[in-house]
1. Search segment A:266-302 for residues being at pLDDT 90 or above and of a type in the set (Val, Ile, Thr), and hand back the single one that is nearest to RNA strand B (Cβ to nearest atom).
2. Might you let me know whether segment A:742-753 holds any residue that is at pLDDT below 90, surrounded by fewer than 18 Cβ atoms within 10 Å (Cβ to Cβ) and either among the β-branched types (Val, Ile, Thr) or in contact with a Ser or Thr (Cβ under 9 Å, 6 or more places away or on another chain) (or both)?
3. Which pairs turn up if I take residues in segment A:533-545 that are touching a residue at least 40 places away in the same chain (Cβ under 8 Å) and look for partners that are within 12 Å of RNA strand B (Cβ to nearest atom) and outside any helix (DSSP H, G or I) with beta carbon separation below 6 Å, at least 6 apart in sequence or on another chain?
4. How about segment A:1-26: which of its residues are surrounded by 17 or more Cβ atoms within 10 Å (Cβ to Cβ) and either assigned to a helix (DSSP H, G or I) or of a type in the set (Asp, Glu) (or both)?
5. Out of the residues in segment A:241-252 meeting the condition of being open to solvent by 10 Å² or more (accessible area, probe 1.4 Å) and touching a residue at least 24 places away in the same chain (Cβ under 8 Å), tell me which one is farthest from RNA strand B (Cβ to nearest atom).
6. Just need a number here: residues in segment A:616-642 that are closer than 16 Å to residue A:689 by Cα and more than 9 Å from RNA strand B (Cβ to nearest atom).
7. Looking at A:305, A:321, A:358, which is the one that is more than 15 Å from RNA strand B (Cβ to nearest atom), closer than 30 Å to residue A:266 by Cβ and either open to solvent by less than 70 Å² (accessible area, probe 1.4 Å) or in contact with a Ser or Thr (Cβ under 9 Å, 6 or more places away or on another chain) (or both)?
8. Kindly indicate the residue of segment A:330-355 that is open to solvent by less than 70 Å² (accessible area, probe 1.4 Å) and in a loop (DSSP other than H, G, I, E, B) and also farthest from RNA strand B (Cβ to nearest atom) among those meeting that condition.
Amino acid sequence: MKYNHLEVEPKWQKRWEEKGCFHAEENSQKEKFYALIEFPYPSGQGLHVGHPRPYTALDIVSRKKRLQGYNVLYPIGWDAFGLPTENYAIKNHIHPEEVTKKNVARFKKQIQSLGISFDWSREINTTDPDYYKWTQWIFLQLFKKGLAYKKEMAVNWCTSCKCVLANEEVINGQCERCGSEVIRKVKSQWMLKITEYADRLISDLDLVDYPPRVKAQQKNWIGKSTGAEVDFKTTEGDILTVYTTRCDTLFGATYMVISPEHQCIEKWQDKIANIEEVRAYQTEAAKKSDFERTELAKEKTGVRIDGVMAINPVNGKEIPIFVSDYVLVSYGTGAIMAVPAHDTRDWEFAKKFNLPIIEVVKGGEDVQKEAFTDCATGVMVNSDFITGLSVEDAKVKMIEWLTEKGVGRAKTNYKLRDWVFSRQRYWGEPIPIVHCDKCGYVPIPESELPLKLPMVDSYEPTDTGESPLSKMTDWVETTCPHCGGKAHRETDTMPQWAGSSWYFLRYMDPHNNDALASKEALNYWSPVDWYNGGMEHTTLHLLYSRFWHKFLYDIGVVPTPEPYAKRTSHGMILGENGEKMSKSRGNVVNPDEIVEQYGADTMRLYEMFIGDFEKAAPWKAESIKGCRRFLERYYNLQTKLIDGEEIRKELETSFHKTIKKVGEDIENIKFNTAIAALMALMNDIANVGNINKAEYRVFSILLNPFAPHITEEVWCEAKLGEGMIVDNSWPQYDESKCKADEIEIAVQVNGKIKAKLMVPAEAGQTEAISLAKSDGNVQKAINGMNIIKEIYVKGRLVNIVVKP
RNA sequence: GCUGGUGUGGUGGAAUAGGCAGACACAAGGGACUUAAAAUCCCUCGGACUAAUAAUCCGUACCGGUUCAAGUCCGGUCACCAGCACCA
């Protein structure tokens, strides 16, 4: 029998869609299950074999959950705004909307050829005005709550994209997308106050089931630290405030450092004796990008400010102030107190500038030779009223003292910055705000949403850095919704992250015109039960969408504080050479070819069998055959089909064991071993020589989530049961039948294997050991020795410990 | 440097919670079928010593430890991957 996937697969895909087999039910009494994959960006290159890995994985989960009686929502859509499309449009003089339409059509066709059980009736597209209406609506709510604000600030400017980038999008001083140099530029930007949610974004990680590495990365990114602010008086009579996590070391502060951008330099310019030198240093620092500053900072540089000194509040000592670029203006207060004895960076700097190093924490080596930074074991010395305390106690005491004297306070800081939300590009959601000279920034009325992206002739970014929209005077000039006077529209658009920050909510009720989703739908479907995505999105997308969701929770729109109950991450599929697949490396594999040659089922099976789902794995064209062979053996079982409505005794254990294993492995994202178990069961069946209807039925259902087309075909051809497999239910296993009556155990003497023998599965210690001792090899090994100990692990082994 | 992770045959990878290392595949070799090839089926397949699928020894990056028993636990070292990187 020949299996023709080219004919069979499209047939079933069509039938499923016609019958709406995978459409999530509305108003269902069933228990819900919401599975979510990161919706793709429809790029011009089409799908590569990496895309289907997560889709297939959650497809397996979804299909199994449906068979188990759940009302499953497994949707897909398109995250279609974004720069590559816009750049392509510019280059080829086609409207981005056209480009998007074309790319979506291609992606859709490719994905549908894989037989993923997406609910296509809920397909969404972030560039659809009916969709971005609600993206804009959320922005307006943020604005109304004061969480969206405009700020003049130095931004990351990509010289090639001519566009502002979020800190998160700058990799080693280069644009994440195009790799061009990123420089600093001062611009007025829309910002979102994600920092207001920093604490909850950390603490609510306790509510969700994410892999530890994902949680760790999120915490790391937010970078919470607790410490204190300390006010230093200066000889100018003003105050220089620093942030420190080590206020216990205040007695060891021998100098201060401010960042080159610190405002005090302007304030003190008339008093600074060496102002030229300081200015020159500032200029040097400004020339460097952030990347260079950190990169070149192997050797510390700086300039001492002559003419102004700071006064240490704990002992009244005058200490010098330096300007150095190892202090960042954007973190803490942009100024630090330097304690060279107990901070590595301060120590390096002190050595270079020959500054005093005073030990205030005892427990390390000579602080003149190396900084002692351990907080756990140290004891305070040379520190007046905190001498003798542990570091932790000293911190507490010091904060009390500072607070009492009014020269300091406890303070928490975060590395996380507010989210730069403006983009000076065309292909994004317009920001629904107008600026009126009289009223300032005014939101447009919600009734006017969506604010549609106007058609323009040219999407080229302007050299001034304004959005292409700024050239559209008709669109820009408008009236103020507040006073009716002349006003102009915001011409910046939103970043690509906007549409993807809430898309999972829209799937719950994708065609609603009155709300982003109905209350009923939100209450029924929230939260997402299982969200799978790439590690590359753990710090950006995941954090942004959790932030938006928390905001929506606060204003009563969504019912849960966290959007995703469970998150898993898939490993990348690498090229044959073990490198990341990319066009430039020429190692990209197109799934179309695999589907054509071997069929979607084989492709799915191979992608799941390739290795641990959470780890990267190299693609091996040679290995795919094994999966195809397995499916053919399954298909050809039809020629060995016999009657029988019950699983036969000789296959009972194999079947029950496999039902258990496959079910558990799917839940634990161990698809590779689930498939291995099915292959092993196939081998058991081959040994028996034939298969009966009951057995074939169970095998088909177990295999169905992995290889849905061929199993439906066999089900139908061999008349295994009613309707389609998708109308049936997942088989049950009987725990007592998962183990054979007799099992093989190993017999060791002193931990070395001497024999293997069959014993009753339920054998007790005495029985097993006496059986073990009856073995010839074992007898030889223990003969004439004293038995010290006898160990029996049920169903596993016997170990006899002997001594001469 | 910090955080998280990984290291097992020729290859991809298995191994419950400390209990038979190498499941399941791929490749390779041998055989059957065939005029032949492909496909299919059967056998072998970590290494050493072997006539042997007898026995023995070695073997999960490296060194040491705990244990009747270690890929798994503990201490140290090395390598690689990812993220962060002067965050006071």
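1. A:278
2. For segment A:742-753, residues at pLDDT below 90, surrounded by fewer than 18 Cβ atoms within 10 Å (Cβ to Cβ) and either among the β-branched types (Val, Ile, Thr) or in contact with a Ser or Thr (Cβ under 9 Å, 6 or more places away or on another chain) (or both): present.
3. Every condition considered, the pairs that remain are A:535/A:569.
4. The answer is A:5, A:8, A:9, A:12, A:13, A:16.
5. Taking segment A:241-252 and keeping what is open to solvent by 10 Å² or more (accessible area, probe 1.4 Å), we get A:241, A:243-246, A:251.
So of that shortlist, the ones also touching a residue at least 24 places away in the same chain (Cβ under 8 Å) come out as A:241, A:243-244, A:246, A:251.
On the way: A:241: 11, A:243: 5, A:244: 3, A:246: 5, A:251: 14 Å.
By that ranking, first place goes to A:251.
6. Total meeting the criteria: 8.
7. Values: A:321 fails: more than 15 Å from RNA strand B (Cβ to nearest atom); A:358 fails: closer than 30 Å to residue A:266 by Cβ.
Of A:305, A:321, A:358, the one residue that is more than 15 Å from RNA strand B (Cβ to nearest atom), closer than 30 Å to residue A:266 by Cβ and either open to solvent by less than 70 Å² (accessible area, probe 1.4 Å) or in contact with a Ser or Thr (Cβ under 9 Å, 6 or more places away or on another chain) (or both) is A:305.
8. Across segment A:330-355, the extreme among qualifying residues is A:355.
The values are calculated or read from the model by the stated rules, or taken from the named source; none is laboratory data. This is a predicted model, so every value here is computed, not measured. Cβ coordinates were reconstructed from backbone atoms using ideal geometry, including for glycine residues, and neighbour counts include every protein chain displayed. Ligands, DNA and RNA are stripped out before the accessible areas are found, and what is left, the full protein with its side chains, is counted by its heavy atoms. Shrake-Rupley method; radii C 1.70, N 1.55, O 1.52, S 1.80 Å.
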